[in-house]
Amino acid sequence: MPTKILLDTDIGSDIDDAVCLAYLLAQPECELLGITTVTGEANLRASMASAQCKVAGREVPIYPGAELPLLIEPRQPRAPQAAALSRWPHETSFPRGQAIEFLRQTIRANPGEVSLLAIGPLTNIALLFASDPEIPSLLKQLVLMCGVFTEQLPNVGPLEWNALCDPHAAAIVYRAAVGGHRSIGLDVTCQVTMDAGEVRQSFQHPLLLPVLDFAEVWFERAKTLTFHDPLAATTIFDDQICTFEPGEVDLELEDAPQRGRTHWRAGTAHSHQVALSVDRERFLKHFFGVFQ
């Protein structure tokens, strides 16, 4: 039976969001119930998601969500990869101001069945949890690409972009999240990368062609794809790709230079699950396997 997925994404900034959406559209075990977008130019981000859905021949509800963080100044006001949109058919008009209610109604209509995959700043999810505090307990699973939880990679600092862009929203989400929910942090996702040349060679499936086009905008300033968001998505369908350990997650909100830093402590079996390791080869085999 397919897994019901809601995707909340800031597609249009780092290329990994588009890669993640392509994976979900190709994954035969995924029933994609809807997509919400978050941070600046949410409508353009929705158009990017629409372009990928059209290539896949799928009608997926898409809702632009919150463009501004709860309390701080925005760090992500633009969606630069939207520059490639003109080469792909896409919708330009979407329901506005309805993203949170769409998420709420969809989850309530499918209690215990929906995996909510949040791969951007957590503004939409915080607003959802604040508007309906029962929602976390009605989810099958909450899966976040967020945070840094170990010091296993010396080149990865303590701050992660999604938490940094709206730390107050992240704090709300982590406080509300009930047992069984999980995070895949930067310290683990940064272990799965591919350089631009490898991406150009490997991304030849029809569902990956718009992603490759968007990626060329990304490669103007970065020469590597890190599979942050696709890694988080694959753990929903293969529980052996990452190892997880339960614990408690807190966010730093007081110290401005460290605001958004995640703190994790190993805890009880009913606490938030944090990824501690990844089987890189298993991930790559699984990811590219759905595009065969």
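Coordinate-derived values only; no laboratory data. The structure displayed is predicted, hence computed values, not measured ones. Positions of Cβ are backbone-derived with ideal geometry, glycine not excepted, and every protein chain shown enters the neighbour counts.
Key figures
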read-out: Cβ-Cβ FRET estimate between Glu254 and Ala130, R0 fixed at 22 Å, reported to 0.05; value: 0.60
read-out: Burial ordering of Trp264, Trp88, fewest other beta-carbon atoms within 10 Å first; value: Trp88, Trp264
read-out: Overall form of the stretch 198-292 per C-alpha gyration tensor (a/c, 1.5; a/b vs b/c); value: oblate
read-out: Straight-distance crosslink candidates among aspartates and glutamates, where the alpha carbon sits under 18 Å from Lys4 and sequence neighbours closer than 8 are dropped; value: Glu29, Glu31, Glu59, Glu101, Glu113, Asp229, Asp238, Asp239
read-out: Likely footprinting exposure, Val156, Val274, fewest C-beta neighbours within 10 Å first; value: Val156, Val274
read-out: Read-out semi-axes √(5λ) of the Cα gyration tensor in Å, derived from the coordinates shown; its label in (1) 28, 23, 21; (2) 33, 24, 18; (3) 25, 22, 20; value: (3)
read-out: Per-residue Cβ neighbour rank within 10 angstrom, fewest leading, Asp166, Asp187; value: Asp187, Asp166
